[in-house]
Amino acid sequence: MTNKLERAQQFLDEFEAIHRAEHIPSDQARLKWARGRLLAAQGDADTARDYFEDALHELRTLNRPYLHARISFAFGQSMRRAGKRRLASSVLRAARDLYEMLGAHTYVQRCDRELKATGVDQGPGPDPADPVLAAVQRERVQLTPQETAVAELVAGGSTNKEVASQLFIAEKTVQYHLTRIYTKFGIRSRSELAARYRDNE
């Protein structure tokens, strides 16, 4: 296990050095997410928390609900394993709400399992003033949750087959959603969809 963590740290150090000169928020969010997971695995939960929070901060002005949900889930899971149950519960509930908005039911179930493992009474939901949650709500005016998930994955370079696998839907369903997305956005291709998402960065 130690050797794997050392190799992971070396790889991440080198990758961060490559991307240090440019600041693309979504890329920085992914790097900080990876660093947070590594630090948590190394037993440094407090510093890991800082990196996870920085990763989410990078997304504050971006319309990337799926990425926000994935980072939040990893954050909550890492904190739960570190014994920070109340923090884990709060973050996991935010991740669950995002996955539910996106129609990613399998991931909602994963959040439910993690929430149960925290042993914390769930109480009230996440802060509705969260800027990323607000961005998701604005996006839903234009796209359905499933369309939002498909659009984000396709814009990130995923093929229809890969999207279908990640969202547990048929490839024909992916194409159906893409057709509706193109119509709503007034675009005709995957490259135009990717450009639209890049503009939000």
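Every number here is computed from the coordinates shown, using simple stated rules; none is lab data. Small disclaimer: the values here were computed from a predicted structure and weren't measured. Here the Cβ is made from the backbone with ideal geometry for all residues, glycine too, and neighbour counts use every protein chain on show.
Across segment 151-158, computed HN-Hα scalar couplings (Karplus, 6.51 cos²θ - 1.76 cosθ + 1.60, θ = phi - 60°) run 4, 5, 5, 5, 4, x, x, 6 Hz from first to last residue, x flagging Gly and Pro.
If the chain linking TYR182 and GLN42 were pulled fully straight, counting 0.36 nm for each residue of separation and taking away their Cα-Cα distance, it would gain 46.0 nm. This ranking places SER78, SER165, SER189 by how few other beta-carbon atoms lie within 10 Å of each, fewest first, which gives SER189, SER165, SER78. If the segment from SER191 to GLN10 were pulled out straight at 0.36 nm per residue, it would be longer than the present Cα-Cα gap by 61.8 nm. Whole-Hz Karplus values for segment 108-117 come out as 4, 5, 5, 4, 4, 5, 5, 4, 4, 5 Hz, taken residue by residue from phi with 6.51 cos²θ - 1.76 cosθ + 1.60 and θ = phi - 60°; glycine and proline positions read x.
Panel order for LEU115, LEU167, by other beta carbons found within 10 Å of each beta carbon, from fewest to most: LEU115, LEU167.
Equivalent ellipsoid of segment 142-201: semi-axes from √(5λ) of the C-alpha gyration tensor, largest first, are 17, 12, 10 Å. For the residue pairs LYS84/LYS161; LYS116/LYS184; LYS4/LYS32, the C-alpha atoms sit more than 28 angstrom apart in LYS84/LYS161; LYS116/LYS184. Fully extending the segment from GLU22 to GLU100, taken as 0.36 nm per residue of separation minus the present Cα-Cα distance, adds 24.8 nm.
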